[in-house]
Amino acid sequence: MGAPEAVYADFRERLHPYLAERLTGRIDVDVENTGVDDVQRAAGDAIAAYERKLEEEMLDRLVAATSSNGRGTTGLDATLEALNEQRVEALLLEENFDAAGVCCPQCGSLYPPGVTACPADGTATVERDDITDLAVRRALRQSARVVLVRDDERLEPLGSIAGAVAVLRLQSGVAG
Ligand SMILES: [Zn+2]
């Protein structure tokens, strides 16, 4: 969104909340004499600051969740399990983290190394040197947010990969 300061302040207040929350920073440029590259360079700092903030917020949330209400998974095994169950709302990965694992060619489920047959359908699994890219794809397919953690050092001791998970909706009443 581009606007002079006065218009911006007024306009911002009128935005629908789902748009307003997408405004994460503001940069000042001289519109007469600034090219695309200059704008990109100026926005770089704002984008990096936003990403750091997002990282920190997600980790705050995750640390709180794992210690109290069980709404977080840490480490490869538990996080893959939550991904397979489509319960992941946000996947956190340490930048440059990779991990071996296996995937099921039938249903796409992901497992830690050593699982030779998919527990869900019995299909022989395929070994992968790195399954983090498949984990990211699976997360995106279930509309989870993927956060690449660069600066925050709290993720590594948690296993370099973690997930914020949705609470399972418990069935009330008696089955049958
Ligand atoms: Zn399977």
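The values are calculated or read from the model by the stated rules, or taken from the named source; none is laboratory data. Since we're looking at a predicted model, the values are computed, not measured. Cβ sites come from the backbone with ideal geometry, for glycine too, and all protein chains shown count toward neighbours.
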* **Neighbours by Cβ (under 6 Å, 6+ apart or cross-chain): first from region 115-126, under 11 Å from Val102 (Cβ atoms); second within 6 Å of the ligand (Cβ to nearest atom) and among the hydroxyl-bearing types (Ser, Thr, Tyr)** => Cys118/Ser109
* How many residues are within 17 Å of Ala82 (Cα to Cα) and within 22 Å of the chain's Cα centre (by Cα) when one looks only at region 118-136? -> 6
* Top-ranked residue in region 105-137 [being assigned to a loop (DSSP other than H, G, I, E, B) and away from the ligand (no atom under 11 Å from the Cβ); ranked as surrounded by the fewest Cβ atoms within 10 Å (Cβ to Cβ)] -> Asp129
* To do: Name the residue, out of Val102, Val63, that is within 11 Å of the ligand (Cβ to nearest atom) and in contact with a Gly (Cβ under 9 Å, 6 or more places away or on another chain).
  => Val102
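Kindly provide the set of residues from region 50-77 that are in a helix (DSSP H, G or I), closer than 16 Å to Ala135 by Cα and in contact (Cβ under 8 Å) with a residue 40 or more places away in the chain, ordered by number.
Listed by number, the list holds a single entry, Leu76.
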* Quick one: which residue in Leu83, Leu62, Leu76 is under 16 Å from Ser160 (Cβ atoms), among the hydrophobic types (A, V, I, L, M, F, W, C) and touching a helix residue (DSSP H, G or I) at 6+ places or on another chain (Cβ under 7 Å)? => Leu83
* Please verify whether region 29-36 includes one or more residues that are in a helix (DSSP H, G or I) and modelled with pLDDT of 85 or more. => yes
* **Residues within region 11-58 that are under 30 Å from Leu155 (Cβ atoms), out of contact with any helix residue (DSSP H, G or I) (no Cβ under 6 Å at 6 or more places or on another chain), surrounded by 10 or more Cβ atoms within 10 Å (Cβ to Cβ) and not basic (Lys, Arg), tallied** => 18
* Scan of region 138-156 for residues that are assigned to a helix (DSSP H, G or I) and either in contact with a Lys or Arg (Cβ under 7 Å, 6 or more places away or on another chain) or loosely packed, with under 13 Cβ neighbours inside 10 Å (or both), ordered by number -> Leu140, Arg141, Glu156
* Pick out the one residue from Gly70, Gly75 that is under 23 Å from Arg138 (Cα atoms) and loosely packed, with under 15 Cβ neighbours inside 10 Å. => Gly70
* Structure fact -> Among the residues of region 84-99, the number that are closer than 21 Å to Glu156 by Cβ and either within 14 Å of the ligand (Cβ to nearest atom) or without any contact (Cβ under 8 Å) to a residue 60 or more places away in the chain (or both) is 3
